[in-house]
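Peer 1: Next up is a structure, given as C-alpha cells.
The values are calculated or read from the model by the stated rules, or taken from the named source; none is laboratory data. Predicted model, so just to flag it, every value in this text is computed and none were measured. FYI the Cβ positions are ideal-geometry reconstructions off the backbone, even for glycines, and counts take in every protein chain you see. Surface accessibility is based on the protein's heavy atoms, side chains included, excluding ligands, DNA and RNA. Shrake-Rupley method; radii C 1.70, N 1.55, O 1.52, S 1.80 Å.
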Amino acid sequence: MSIMTRSIAESIGTFWLVFGGCGSAVLAAAFPEVGIGLLGVSLAFGLTVLTMAYTIGHISGCHLNPAVTIGLTTAGRFDAKDVPMYIIAQVIGGIAAAGLLYYIASGNGTDVLAGGMASNGYGEHSPGKYSMGSAFVMEVVMTMMFLLVILGATSKKAPAGFAPIAIGLCLTLIHLISIPVTNTSVNPARSTGPAVFVGDWAISELWLFWVAPIIGAVIAGLISKNILDPKG
C-alpha cells in the first residue's frame, strides 16, 4: 500500500490510542462512585492497541508510536525512508484526539487543563512526585521492554495471529507499573497530544517523553537485531 494510505491508518490508530487511553483517564478514572481507577486506565490503553492491531495491522503495521517506528527501523524491520511520514501522522493523530477530548471534557464546565488532561510529567507533575531521573529511567526501560515484546511477537518465528494480544497486554502491564511515576508515556505522540493543549509545564517536560522512549526503543532494536532475533 502507498505511504499515504499507511500514514492515514497510523493517524487514525494513534487517534484511537490517545482518545481511548487518555479519555479513560480524564473522563472515567475518578468518575463519581464508579471510577475505573489505575487498573481501568491501564486496560484501556492496552485495548486501544489490541483493537487497532487487528484493524490496521495489515495496512500499516499498527505502530501508533514514533518510538515503535524508530525501534522497528533499528531492528531492520521497517524502511527508514518512511519514518518521517509515520511520525508526522502519529503526532497529528495524537493532537487531534487530545483536541476532541478537550472539547468533550470541557462540556460539563470542568477545567480539564488544570487537571493536566492526562499529560506526562515528572517532579511536581508526576502522580507520585517521582524525580526526573526516576521518570527517565522508567520510560527507557518500559519502552525497551515494550519493543522487545513487539519484535518478539511479530517475528516470523512467533505463532501467527497472537501478536496483538501480547502487545496489548504488555502495554496494560506497562501502565500498571509506571502510571504512578510518569502517568506512562512510552509513546512521544501520546505525550505530545495533551501537552499541546495543556502547554506550560507539559511542554517544558515533553522532551523527556521523546528522548527516553526513543532511547529505549533503539536499545531494544539493537538487542533484537544482534542477539535475540538476528534474522527477524
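Peer 1: 5 Å is the cut-off here: which amide hydrogens, built 1.01 Å from N in the peptide plane, fall below it relative to Ile36, excluding neighbours closer than 5 in sequence?
Peer 2: Amide H neighbours of Ile36, under 5 Å, 5+ apart: Ala29, Ala30, Phe31.
Peer 1: So which helices of the chain fit the span-like rule, where a helix is a whole DSSP H run, its Cα atoms reach 20 Å or more along the axis, and its mean Kyte-Doolittle is at least -1.0?
Peer 2: For the chain, where a helix must reach 20 Å along its axis and average at least -1.0, the hits are 3-23, 37-60, 83-105, 132-153, 163-182, 208-223.
Peer 1: Now a separate question. Starting from the Cα of Ile177, step 7 Å along the direction of its Cβ; do the same at Lys129; then give the gap between the two resulting points in nm.
Peer 2: Simple spin-label model gives 2.5 nm for this pair.
Peer 1: So with the 1.4 Å probe, I'd like the accessible area per residue for the chain, rounded to whole Å².
Peer 2: 44
Peer 1: Here is a follow-up. At 7 Å along the Cα-to-beta-carbon direction for both Leu38 and Tyr54, put a label point, then send me their distance in nm to one decimal.
Peer 2: Inter-label distance under the simple model: 2.9 nm.
Peer 1: Between His58, His125, His175, where does the largest GNM mean-square fluctuation fall for the chain, given springs only between Cα atoms within less than 10 Å?
Peer 2: Fluctuation is largest for His58.
Peer 1: Show which aspartates and glutamates lie in cross-link reach of Lys156 when reach means a straight Cα distance below 20 angstrom and same-chain residues fewer than eight apart are skipped.
Peer 2: The reachable aspartates and glutamates, counting only those whose Cα sits under 20 Å from Lys156, are Asp79, Asp229.
Peer 1: So for the chain, averaging the separation of alpha carbon pairs under 8 Å that are six or more residues apart and normalising by length, what relative contact order in percent results?
Peer 2: 30
Peer 1: Sticking with this one: Where a Cα-Cα gap under 17 Å defines reach, which aspartates and glutamates qualify for Lys129, not counting those fewer than 8 residues away within the same chain?
Peer 2: Glu139, Glu205
Peer 1: Relative contact order (percent) for the range 72-138, with alpha-carbon contacts under 8 angstrom and 6 or more residues of separation?
Peer 2: Result for the range 72-138 is 12 percent.
Peer 1: Here's another thing I want to ask about it. Going by Cα centres, the range 1-72 and the range 169-232 are how many Å apart?
Peer 2: Centre-to-centre distance over Cα atoms comes out at 13 Å.
Peer 1: Within the accessible area of the chain, what % is carbon and sulfur when the probe is 1.4 Å and the other protein chains stay in place?
Peer 2: 72
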